[in-house]
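*Asks:* Here it is, the structure, as structure tokens.
The values are calculated or read from the model by the stated rules, or taken from the named source; none is laboratory data. Everything numeric here is computed off the predicted structure, so don't read it as measured data. Cβ coordinates were reconstructed from backbone atoms using ideal geometry, including for glycine residues, and neighbour counts include every protein chain displayed.
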Amino acid sequence: MMQLVNGKYQIDGVDVLQIAQDFGTPVYVYSAETMKRQYKRLSNAFPGVKLHLHYACKALSNVNVLKYMKQLGAGLDAVSIQEVDLGLHAGFPANEILYTPNGVGMDEIDQAIAKGVRINIDNISILEQFGAKYGAKVPVCIRVNPHIMAGGNAKIYTGHIDSKFGISYYQLRHVLRVVNLYGIQVEGLHMHTGSDILDAEVFIRGAELLFDAAQDFKDLKYMDFGSGFKVAYKSADVTTDIEDIGDKIAKRFKEFCEQYGRSLELWFEPGKFLVSESGYFLVKTNVVKQTTSTMFAGVDSGLNHLIRPMLYDAYHNITNVSNPDGIERIYAVVGYICETDTFGWDRKLNEVKEGDVLAFHNAGAYGFSMASNYNSRFRPAEVFILDGKAHLIRRRETFEDLLQTQIELQF
Ligand SMILES: *Cc1c(COP(=O)(O)O)cnc(C)c1O
């Protein structure tokens, strides 16, 4: 966590300006301590149930973070065959990886099966092809869409009626036809309703539908309730009260297991909850520009490195690390990309001078993993703070990296 100690900002005891100096900017910095704290919080929040967490690695896919999650005891949630390969490379046993793709062809499912990972199927067409090819040989999980409107922002809903994700709850009769015809072994039922879920009600409503559905599947080993735990982006934000939600869900899950006749595992696949708060994105102020309406602080980054504010209207707190005692003034913090890439309007920051290092908070999830080379800029470096020491875990790109995959014709 970032703290002001004797007038200097530190992350887990490491001086933030020193990180910016040693590794340059822009740079993503992740605190292992914070990841561990969040993992433990979630692990302890569901009393009396067999809980298993799969880290949704699309949030932050550096292989060191994957290894750290494995060390904490997590499995992995992978949404592409490349994420499956990253997980295997990081040392996850194949059966600890759940492959939850959307809109992939049977060829990619075949590859995942060959690698031995667990398969989550999210449409009937693939379920039919899967059944015809593998029958009872490979157990599967089925992704059900409970049609619940959840989440704080329409762009991150995944469980509603128009969503492309999952097999509609109302199509379960059809699913059963396919399952029975091919003798498919359904070992899990899954739902993922979207991000930023605030209360237990939403989970319970979806869960009840899955509990109902479970009556038709007699060999279940687990139920996977996806993710969507909200974390605080602004200090005044209402966040998921994980302990409260955990109590309620655990209680209802235990009742269900008794009635089902077997004690199933309860799975979740959090991304943001585990890594968002662990991350800071450090940038340097290139220019301070006063226009007729606005004081802009222009930094050495843009939507190419942190796109959430522009893509989702996400709010990321910003701190001027270089000037903790400066008077507060109002800024629009903007990027250097030739697009309108505003990180935040009307931010109260300690007075910003050119050269000052600014830190974006909550930059662990969907920060680097959504970064691009737009404007032919290099993607940033990544630093991992482990046991009070800063380690470079991805070097900044170079000009050679930009050309590496291009094939230059001779003409
Ligand atoms: C993205 C995703 C998650 C993680 O969501 P967060 O909001 O980051 O916790 C979990 N499961 C699936 C299937 C996903 O696509």
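*Asks:* Check off (1) more than 16 Å from the ligand (Cβ to nearest atom); (2) surrounded by 18 or more Cβ atoms within 10 Å (Cβ to Cβ); (3) under 26 Å from Pro270 (Cβ atoms); (4) of a type outside the set (A, V, I, L, M, F, W, C) for Arg347 and give me the number that stays unchecked.
*Replies:* (3)
*Asks:* Tell me, which residue of segment 229-246 that is touching a Phe, Trp or Tyr at 6+ places or on another chain (Cβ under 8 Å) and assigned to a helix (DSSP H, G or I) is modelled with the highest pLDDT?
*Replies:* Checked segment 229-246; the qualifying residue modelled with the highest pLDDT is Gly246.
*Asks:* Moving to a separate point now. Pairs please, first residue from segment 310-332 and of a type in the set (Asp, Glu), second anywhere and part of a loop (DSSP other than H, G, I, E, B) and surrounded by fewer than 21 Cβ atoms within 10 Å (Cβ to Cβ), Cβ atoms under 9 Å, 6+ apart in sequence or on different chains.
*Replies:* Pairs that qualify, where the first residue is of a type in the set (Asp, Glu) and the partner is part of a loop (DSSP other than H, G, I, E, B) and surrounded by fewer than 21 Cβ atoms within 10 Å (Cβ to Cβ), are Asp313/Asn153; Asp325/Gly7; Glu328/Glu351.
*Asks:* Checking the conditions here, which among Phe343, Phe411 is closer than 22 Å to Ala20 by Cα and of a type outside the set (Asp, Glu)? Let's see the steps before the verdict.
*Replies:* Numbers: Phe411 fails: closer than 22 Å to Ala20 by Cα.
None of the other options fit; the residue is Phe343.
*Asks:* If you check Ile148 against the conditions, is it within 14 Å of the ligand (Cβ to nearest atom) and in contact with a Gly (Cβ under 9 Å, 6 or more places away or on another chain)? Show your work before the answer.
*Replies:* Working: within 14 Å of the ligand (Cβ to nearest atom): no; in contact with a Gly (Cβ under 9 Å, 6 or more places away or on another chain): yes.
No: the conditions fail for Ile148.
*Asks:* Would you check if there is a residue in segment 359-382 being in contact (Cβ under 8 Å) with a residue 24 or more places away in the chain, of a type in the set (D, E, K, R), within 30 Å of Arg37 (Cα to Cα) and out of contact with any strand residue (DSSP E or B) (no Cβ under 9 Å at 6 or more places or on another chain)?
*Replies:* As a first pass, look at segment 359-382 and keep what is in contact (Cβ under 8 Å) with a residue 24 or more places away in the chain: 359-382.
Next cut, of a type in the set (D, E, K, R) only: 377, 379, 382.
Still in the list and also within 30 Å of Arg37 (Cα to Cα): 379, 382.
Okay, now just the ones that are also out of contact with any strand residue (DSSP E or B) (no Cβ under 9 Å at 6 or more places or on another chain), so none.
No, segment 359-382 contains no residue that is in contact (Cβ under 8 Å) with a residue 24 or more places away in the chain, of a type in the set (D, E, K, R), within 30 Å of Arg37 (Cα to Cα) and out of contact with any strand residue (DSSP E or B) (no Cβ under 9 Å at 6 or more places or on another chain).
*Asks:* I'd like the full set of residues that are under 28 Å from the mean Cα position of the chain (by Cα) and of a type in the set (Asp, Glu), limited to segment 323-369.
*Replies:* Glu339, Asp341, Asp346 - these are the residues of segment 323-369 that are under 28 Å from the mean Cα position of the chain (by Cα) and of a type in the set (Asp, Glu).
*Asks:* With respect to Ile197, determine if the residue is within 16 Å of the ligand (Cβ to nearest atom), touching a strand residue (DSSP E or B) at 6+ places or on another chain (Cβ under 9 Å), among the β-branched types (Val, Ile, Thr) and modelled with pLDDT of 90 or more.
*Replies:* No; evaluated as a whole, the condition is false for this residue.
*Asks:* Can you tell me which residue among Ile97, Ile109 is more than 17 Å from the chain's Cα centre (by Cα), buried (at least 18 other Cβ atoms within 10 Å of the Cβ) and either more than 12 Å from the ligand (Cβ to nearest atom) or closer than 18 Å to His190 by Cβ (or both)? Spell out how you get there, then give the answer.
*Replies:* Values: Ile97 fails: more than 17 Å from the chain's Cα centre (by Cα).
The conditions single out Ile109.
*Asks:* Something else: Can you tell me how many residues in segment 249-277 are more than 13 Å from the ligand (Cβ to nearest atom) and polar (S, T, N, Q)?
*Replies:* Here the count works out to 2.
*Asks:* Shifting gears a bit: From the list Val5, Val63, Val29, which one is without any contact (Cβ under 8 Å) to a residue 24 or more places away in the chain and not aromatic (Phe, Trp, Tyr)? Spell out the reasoning first.
*Replies:* Numbers: Val63 fails: without any contact (Cβ under 8 Å) to a residue 24 or more places away in the chain; Val29 fails: without any contact (Cβ under 8 Å) to a residue 24 or more places away in the chain.
Criteria check complete, one pass: Val5.
*Asks:* Modelled with pLDDT of 95 or more, surrounded by 19 or more Cβ atoms within 10 Å (Cβ to Cβ) and assigned by TED's automatic domain parsing to the domain that holds Val352: does that describe Val288?
*Replies:* Working: modelled with pLDDT of 95 or more: yes; surrounded by 19 or more Cβ atoms within 10 Å (Cβ to Cβ): no; assigned by TED's automatic domain parsing to the domain that holds Val352: yes.
No; evaluated as a whole, the condition is false for this residue.
*Asks:* Next question. I'd like the full set of residues that are among the aliphatic types (A, V, I, L, M) and more than 16 Å from the ligand (Cβ to nearest atom), limited to segment 350-379.
*Replies:* The first filter runs over segment 350-379 and keeps only residues among the aliphatic types (A, V, I, L, M), leaving 352, 357-359, 363, 365, 370-371.
Matches in segment 350-379: Val352, Val357, Leu358, Ala359, Ala371.
*Asks:* Okay, next question. Can you tell me which of (1) surrounded by fewer than 16 Cβ atoms within 10 Å (Cβ to Cβ); (2) farther than 25 Å from Phe217 by Cα is the one Gly103 doesn't meet?
*Replies:* (2)
*Asks:* State whether the residues of segment 390-406 include one that is of a type in the set (Gly, Ala, Ser), within 16 Å of the ligand (Cβ to nearest atom) and under 20 Å from Gln21 (Cβ atoms). Walk me through how you get there before you give the answer.
*Replies:* Pass one, segment 390-406, residues of a type in the set (Gly, Ala, Ser): 390.
The next check asks that each one be within 16 Å of the ligand (Cβ to nearest atom); those that pass are none.
Taking every residue of segment 390-406 in turn, none turns out to be of a type in the set (Gly, Ala, Ser), within 16 Å of the ligand (Cβ to nearest atom) and under 20 Å from Gln21 (Cβ atoms).
*Asks:* Select, from Phe203, Phe273, the only residue that is closer than 30 Å to Phe23 by Cβ, outside any strand (DSSP E or B) and either touching a residue at least 40 places away in the same chain (Cβ under 8 Å) or aliphatic (A, V, I, L, M) (or both). Talk me through it step by step, then tell me what you get.
*Replies:* Numbers: Phe203 fails: closer than 30 Å to Phe23 by Cβ.
From the options Phe203, Phe273, the qualifying one is Phe273.
*Asks:* Take the residues in segment 54-78 that are closer than 14 Å to Tyr99 by Cα and surrounded by 19 or more Cβ atoms within 10 Å (Cβ to Cβ); name whichever of them is nearest to the ligand (Cβ to nearest atom).
*Replies:* Within segment 54-78, the subset closer than 14 Å to Tyr99 by Cα is 54-58, 75-78.
Right, trim to surrounded by 19 or more Cβ atoms within 10 Å (Cβ to Cβ) and you get 54-57, 75-78.
On the way: His54: 8, Tyr55: 9, Ala56: 3, Cys57: 9, Gly75: 12, Leu76: 11, Asp77: 5, Ala78: 9 Å.
Among those residues, the one meeting the criterion is Ala56.
*Asks:* Considering each of Gly298, Gly335 in turn, give the residue that is more than 16 Å from Met370 (Cβ to Cβ), surrounded by 16 or more Cβ atoms within 10 Å (Cβ to Cβ), without any contact (Cβ under 8 Å) to a residue 40 or more places away in the chain and in contact with a strand residue (DSSP E or B) (Cβ under 7 Å, 6 or more places away or on another chain). Give the steps one after another, and end with the answer.
*Replies:* Details: Gly335 fails: more than 16 Å from Met370 (Cβ to Cβ).
Checking each option against the conditions leaves just Gly298.
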